[in-house]
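*Asks:* Sending over a structure as structure tokens; questions will come in a sec.
The values are calculated or read from the model by the stated rules, or taken from the named source; none is laboratory data. This structure is a prediction, so every number in the text was calculated from the model and none was measured. For neighbour counting, all protein chains shown are included, and Cβ atoms are generated from backbone atoms with ideal geometry for every residue, glycine included.
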Amino acid sequence: MKILVVEDEHRIAQGIREGLEEEGYAVDVEHDGESGYNAASASSDYDLIILDVMMPGLNGYEVADKLRGDGNHTPILMLTAKDQERDIVKGLDTGADDYLAKPFSFDVLLARIRALLRRPHQSLGETLNVGDLMLDPAKKQVERGGKDIRLTSKEFAILEYFMRNPGRVLSKDSIISHVWDFDADVLPNNVEVFITFLRAKIDKPFKKPLLHTVRGFGYKLSAEG
């Protein structure tokens with residue numbers, strides 16, 4: 001999953017980035033409202049935007065309002081040192097989906113992120129399931145047919161992207177843009193390598209393959225073939 005962090009305090013932004021990358025997220029960072037707005041507007045690949053309120057130029061309220069006015073419905077989690085009720089109301093009224101006051105624990109931030117990422121997929125519940133394959137985003141756990149499967153952080157991120165889009169054909173470029181950072185030097189061949197790794201773990205030991213190649217287009221995860 002890919003997250004855009006818009007935070008003018010470099011130390012906080014870097015801490016969030018490093019923590020989220022350790023959890024398997026791809027993260028881009030901008031340090032002012034105008035750059036954050038431009039980044040969010042230029043790409044539809046972000047699954048979540050973490051948006052600070054107090055920033056130079058455009059503030060977080062203005063960025064959220066402009067994005068929603070553009071028809072951008074990417075979930076927004078606002079960060080601010082303010083915790084007064086009127087500030088929370090203003091943030092939510094301008095288009096934020098959730099609100100977290102500084103200082104906050106990283107565990108709470110992760111929980112809020114997971115909750116927001118689940119919202120478009122509420123029918124999937126706490127875990128993601130395709131056939132007998134199960135992925136738990138919170139516990140970083142994968143099972144198939146009740147058997148534990150150990151994945152690297154990048155393999156987990158790729159599989160989570162597939163499982164949040166069951167049956168949908170995902171191109172190599174789409175996988176790269178959702179799983180790797182914007183400035184990462186990743187080639188389509190790298191995706192093929194990770195697909196091979198995933199198949200060896202989630203398909204090869206089992207009778208029925210779930211990860212399918214759609215020639216000329218990409219890959220899809222489906223129990224239907």
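*Asks:* Restricting the first residue to the range 91-107 and requiring it to be under 14 Å from Met54 (Cα atoms), which pairs with a second residue that is assigned to a loop (DSSP other than H, G, I, E, B) and of a type in the set (D, E, K, R) meet a Cβ separation below 8 Å and a spacing of at least six or different chains?
*Replies:* If the second residue must be assigned to a loop (DSSP other than H, G, I, E, B) and of a type in the set (D, E, K, R), the pairs left are Ala101/Lys82; Ala101/Asp83.
*Asks:* Which one of the conditions (1) outside any strand (DSSP E or B); (2) closer than 15 Å to Leu170 by Cα; (3) touching a residue at least 40 places away in the same chain (Cβ under 8 Å) does Tyr219 fail to meet, given that it meets all the rest?
*Replies:* (1)
*Asks:* Among the residues of the range 183-200, is any on the phi < 0 side of the Ramachandran plot, part of a loop (DSSP other than H, G, I, E, B) and among the basic types (Lys, Arg)?
*Replies:* no
*Asks:* Could you list all residues from the range 28-74 that are under 19 Å from Phe104 (Cβ atoms), β-branched (Val, Ile, Thr) and at pLDDT below 95?
*Replies:* Val53 - this is the single residue of the range 28-74 that is under 19 Å from Phe104 (Cβ atoms), β-branched (Val, Ile, Thr) and at pLDDT below 95.
*Asks:* Within the group Val53, Val27, which residue is under 20 Å from the mean Cα position of the chain (by Cα) and either within 22 Å of Ala101 (Cα to Cα) or in the same structural domain as Lys102 (by TED's automatic domain parsing) (or both)?
*Replies:* Val27
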